[in-house]
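Enquirer: This structure is in structure tokens; I'll ask about it shortly.
The values are calculated or read from the model by the stated rules, or taken from the named source; none is laboratory data. Treat the numbers as computed from the prediction; the structure is a model and nothing was measured. Ideal geometry is used to build each Cβ from the backbone, glycine not excepted, and the neighbour counts take in all protein chains shown. To get the accessible areas, we keep the full protein, side chains included, count just its heavy atoms, and leave off ligands, DNA and RNA. Shrake-Rupley method; radii C 1.70, N 1.55, O 1.52, S 1.80 Å.
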Amino acid sequence: MQIKITILSLLIPWLLSIVGLLMSIWIILPAPTISLLYLAVGTPEISPWLIVINAIAILLNALIINQSRVSRLSLICSLLAMFISFLPLLQLPTANAKIAADFQRILGVDYLTKIPESTQAKFRDRAFILIDAFRGIPLKKVRIDRGIEFANYNGEKLQLNFYRPLEIGKYPTIIILYGGGWRKGNPDDNEEFSRYMAAQGYCVVAIDYRHSPKYHFPAQIEDVKTALAYLKTHANEWEIDLERIAMLGRSAGAQLATLYAYNSDLLPIRAVVNYYGPNNLTMGYNDPPFPDPLNVRSILRDFIGGTPKEFPELYDRASPANYVKPKLPASLLVYAGRDRVVQPKFGRGMYQKLQSTGNRAILLEIPWAEHAFDAVFNGVSNQLALYYTERFLAYFLLSSDVLITK
């Protein structure tokens, strides 16, 4: 019996140490395959949980450190894992200070005073709330209408989801396009964000579009235009304020949202939020990430129908960077510093181009994050992004002195 207890006392700390290290290491390692990409996306976001696991492992190993060489090696592994798991939180203050300074520089030191106090009262009060990392971000009840058909292509239905406050009214509207490499996804994706923003006082509309490789560009942007034409026609029915509209997209959806916002007069767009979207498809094809877990060139070929050499004009037409000109809607560019799908340098290039043409643009770069970090809604990175995204949208949709540029 004593032997079994001794074995267990060594095995449990060792297992915790190994698990903690194998999980934590993906906070710094680039993922070479799609299966490992999920780890690289998720581990920085659950780093507070990893800190707890590694702390327990350190404590248990410290208690038995004199019993074997294995316990000493296990303690070293736990200490290394603990250091790595702290990296996102250690970088958070600097990243937060930089973003806060950019907001004040672009929008003005007093920009929050232009947002109604009733809206400010609903804001998150900190860029990171530790308890939310464990319990989740609280969500209030909202009205949800799913599966509203707005187009039908030979039996293939395209649908909208509506998320609205409980009270009947007329609301500023956020139009959302999901990611998925133009190949997959649906309006239910990232629903926690849609519900959260609806509770803040917005009508949130999640839009569907046709997928590649069955449908090539420009089918997807045509679907966006069709959806917005539907919203314009049915604005009163769905309580949409047509004078207060913002676009928000993630990855492939960010490309579509930005492309529409920069190049359409159907509806006046006040602002666009670009979450890690590709902005220059030709450059993205010619300069893929390394490692390249999703095979970016394959995704782009499926979307456009071929390579940039075969379809140079289509690649140009599908690149939001080619539509940058003065007096565009304000842009919030949200990029992950460790992104191995859409490299952050493309976000920086778009930011510089927007600024050089006199547009209001803010770059929110999260150094430790990977592509699609906001899939973990209560994660470290998404808490930071959400804190500023809700302020950006409130400023441009609710402030009475913000002019529409289109």
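Enquirer: Which condition number in (1) of a type in the set (A, V, I, L, M); (2) farther than 22 Å from V204 by Cβ; (3) in contact with a helix residue (DSSP H, G or I) (Cβ under 6 Å, 6 or more places away or on another chain); (4) open to solvent by less than 20 Å² (accessible area, probe 1.4 Å) is the one that I115 fails?
Expert: (2)
Enquirer: If you don't mind, there's one more thing I want to ask. With the structure loaded, tell me whether K232 is out of contact with any Asp or Glu (no Cβ under 6 Å at 6 or more places or on another chain), in a helix (DSSP H, G or I) and open to solvent by 30 Å² or more (accessible area, probe 1.4 Å) or whether it fails that test.
Expert: Yes.
Enquirer: Would you confirm whether or not region 161-179 contains a residue that is surrounded by 12 or more Cβ atoms within 10 Å (Cβ to Cβ), assigned to a loop (DSSP other than H, G, I, E, B) and within 22 Å of the chain's Cα centre (by Cα)? Break it down stepwise before answering.
Expert: To start, the set of residues in region 161-179 that are surrounded by 12 or more Cβ atoms within 10 Å (Cβ to Cβ) comprises 161-165, 170-179.
Those left that are additionally assigned to a loop (DSSP other than H, G, I, E, B): 165, 170, 178-179.
Add one more test, that the residue is within 22 Å of the chain's Cα centre (by Cα), and what stays is 178-179.
Yes, region 161-179 contains a residue that is surrounded by 12 or more Cβ atoms within 10 Å (Cβ to Cβ), assigned to a loop (DSSP other than H, G, I, E, B) and within 22 Å of the chain's Cα centre (by Cα).
Enquirer: Can you report the number of residues in region 121-145 which are under 22 Å from the mean Cα position of the chain (by Cα) and not in a loop (DSSP other than H, G, I, E, B)?
Expert: 7
Enquirer: Please enumerate the residues belonging to region 3-28 that are exposed (fewer than 15 other Cβ atoms within 10 Å of the Cβ) and at pLDDT 95 or above.
Expert: L22, I28
Enquirer: For region 329-343, which residues satisfy the criterion of being touching a His at 6+ places or on another chain (Cβ under 8 Å) and in a loop (DSSP other than H, G, I, E, B)? Walk me through how you get there before you give the answer.
Expert: Step one: of region 329-343, the residues touching a His at 6+ places or on another chain (Cβ under 8 Å) are 336, 339-342.
Matches in region 329-343: D339, R340, V341, V342.
Enquirer: Now for a different question. Could you list, in sequence order, the residues of region 65-112 that are open to solvent by less than 60 Å² (accessible area, probe 1.4 Å), free of Cβ contacts under 8 Å to residues at least 40 places away in the same chain and either in a loop (DSSP other than H, G, I, E, B) or among the acidic types (D, E) (or both)?
Expert: I65, G108
Enquirer: Has region 133-146 got at least one residue that is modelled with pLDDT of 95 or more, open to solvent by less than 10 Å² (accessible area, probe 1.4 Å) and not aromatic (F, W, Y)? Walk me through it before giving the result.
Expert: Applying the first criterion (modelled with pLDDT of 95 or more) to region 133-146 yields 133-146.
Of the ones still in play, those that are also open to solvent by less than 10 Å² (accessible area, probe 1.4 Å) are 133.
Among the residues that remain, those that are also not aromatic (F, W, Y) are: 133.
Yes: region 133-146 contains one or more residues that are modelled with pLDDT of 95 or more, open to solvent by less than 10 Å² (accessible area, probe 1.4 Å) and not aromatic (F, W, Y).
Enquirer: Scanning for something without any contact (Cβ under 8 Å) to a residue 24 or more places away in the chain and open to solvent by 80 Å² or more (accessible area, probe 1.4 Å), does region 34-43 turn up at least one residue?
Expert: Scanning region 34-43 turns up at least one residue that is without any contact (Cβ under 8 Å) to a residue 24 or more places away in the chain and open to solvent by 80 Å² or more (accessible area, probe 1.4 Å).
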